[in-house]
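Novice: Mind having a look at this structure? Questions to follow.
The values are calculated or read from the model by the stated rules, or taken from the named source; none is laboratory data. Remember, it's a predicted structure, so these values are computed and weren't measured experimentally. A quick note on method: Cβ atoms are made from the backbone with ideal geometry, for glycine too, and the neighbour counts reach across all protein chains shown.
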Amino acid sequence: MRSIAWGAAASLALVATAVPALAQDTSDVSVLHAVPGLTVDVYVNGEETIPDFEPGTLTDPLELPAGSYDIDVYADGDTPDSAEPAISAEGIEVPGGANLTLAAHLDAEGTPMLSAFANDTSQLDAGQARLTVRHTAAAPAVDVRAGETPVIEGLTNPNEEVLNLDAGSVSADVVLAGTDTVAIGPADVDLAEGTNTIVYAWGSAEDENLALAVQTIDGLHGDPAGVPTGEAGLLDGNASLWMFGLALTGAAGAVVASRRLSRESV
């Protein structure tokens, strides 16, 4: 698997030149690819911005200036000169001043979908850390345990739970809700002071490829006037951001459907 950085600085440069804007008019947007078995290339305003986007990859934050974007998603290796995009979306409006993660993943039944999450960047007390757990896997409800003690119970796809805890390292695992049947882990999770550690459960229980992806947002224990506050949760109403991620999700659905038809015809 490629490094999660894969040229984020270059990606930002491409986007910034395409849509000039003031620094305060930007949003930090991370993208998680959590659809197993699919690699794509993502183009933004005609420039290849996310190449070889592999399952399990979480991008570094892209500082996107507020503005209008055209998104094209190609099967890995295809280009605008050699093929038509698997799916595209034009004129996508991205607002400023937000911290967001777009996750292309499977729903509980295994169908590709998109979830757009607002990341909680509100201030933490001294000695505290934030843990956010997001269920983005084709799997039933789960419990999350720390040291074999449930701290989150009955979490369902595509929901999340947010906890403020004492900073430190915890051994965590994911079990089927109400049982001791381990689905993922255990894994050591470092909850550093002043950070929001966001853990995504992704993959498919049926295909036995469940895994974790981890995102960390720091700087949450400084001057409250110097750090933007935010609300955590699943975004429901921002059509522009949903369309931004739907390009990837639609491509995933098309490829998955094609593979299913190919298997059925054999």
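Novice: When only residues in the range 158-215 that are at positive phi and surrounded by 16 or more Cβ atoms within 10 Å (Cβ to Cβ) count, which is nearest to the chain's Cα centre (by Cα)? Even if it seems obvious, please write down each step before you answer.
Specialist: Let us first name the residues in the range 158-215 that are at positive phi, namely 168, 178, 185, 194, 203, 208.
With the extra rule that they be surrounded by 16 or more Cβ atoms within 10 Å (Cβ to Cβ), the set shrinks to 185, 194, 203.
Numbers: 185: 20, 194: 21, 203: 13 Å.
The selected residue is 203.
Novice: Counting just the residues of the range 88-144 that are within 15 Å of residue 195 (Cα to Cα) and among the hydroxyl-bearing types (Ser, Thr, Tyr), which one comes out nearest to the chain's Cα centre (by Cα)?
Specialist: So the residue we want is 132.
Novice: Only residues that are small (Gly, Ala, Ser), in a strand (DSSP E or B), on the phi < 0 side of the Ramachandran plot and surrounded by 15 or more Cβ atoms within 10 Å (Cβ to Cβ): list them for the range 46-81, please. Write out each step before concluding.
Specialist: Narrowing the range 46-81 to residues small (Gly, Ala, Ser): 46, 56, 66-68, 75, 77.
Remaining after also requiring in a strand (DSSP E or B): 67-68, 75.
If we keep only those that are on the phi < 0 side of the Ramachandran plot as well, we get 68, 75.
75 - this is the single residue of the range 46-81 that is small (Gly, Ala, Ser), in a strand (DSSP E or B), on the phi < 0 side of the Ramachandran plot and surrounded by 15 or more Cβ atoms within 10 Å (Cβ to Cβ).
Novice: Of everything in the range 126-150 that's modelled with pLDDT of 95 or more and among the β-branched types (Val, Ile, Thr), which residue is nearest to residue 34 (Cα to Cα)?
Specialist: My answer is 136.
Novice: Just give me the residues in the range 30-41 being assigned to a strand (DSSP E or B) and either in contact with a Gly (Cβ under 8 Å, 6 or more places away or on another chain) or crowded, with 22+ Cβ neighbours inside 10 Å (or both), in sequence order.
Specialist: Taking the range 30-41 first, the residues assigned to a strand (DSSP E or B) are 30-34, 40-41.
Selection gives 31, 32, 33, 34, 40, 41.
Novice: In the range 82-126, what residues are farther than 20 Å from residue 71 by Cα, hydroxyl-bearing (Ser, Thr, Tyr) and in a strand (DSSP E or B)? Quick ask: steps written out before the conclusion?
Specialist: Step one: of the range 82-126, the residues farther than 20 Å from residue 71 by Cα are 97, 106-111, 118-126.
Still in the list and also hydroxyl-bearing (Ser, Thr, Tyr): 111, 121-122.
Listed by number, the list is empty, since nothing qualifies.
Novice: Let me ask you something else. Given (1) in contact (Cβ under 8 Å) with a residue 40 or more places away in the chain; (2) over 23 Å from residue 200 (Cβ atoms); (3) of a type in the set (D, E, K, R), identify the lone condition not met by residue 130.
Specialist: Of everything listed in (1) in contact (Cβ under 8 Å) with a residue 40 or more places away in the chain; (2) over 23 Å from residue 200 (Cβ atoms); (3) of a type in the set (D, E, K, R), residue 130 misses just condition (2).
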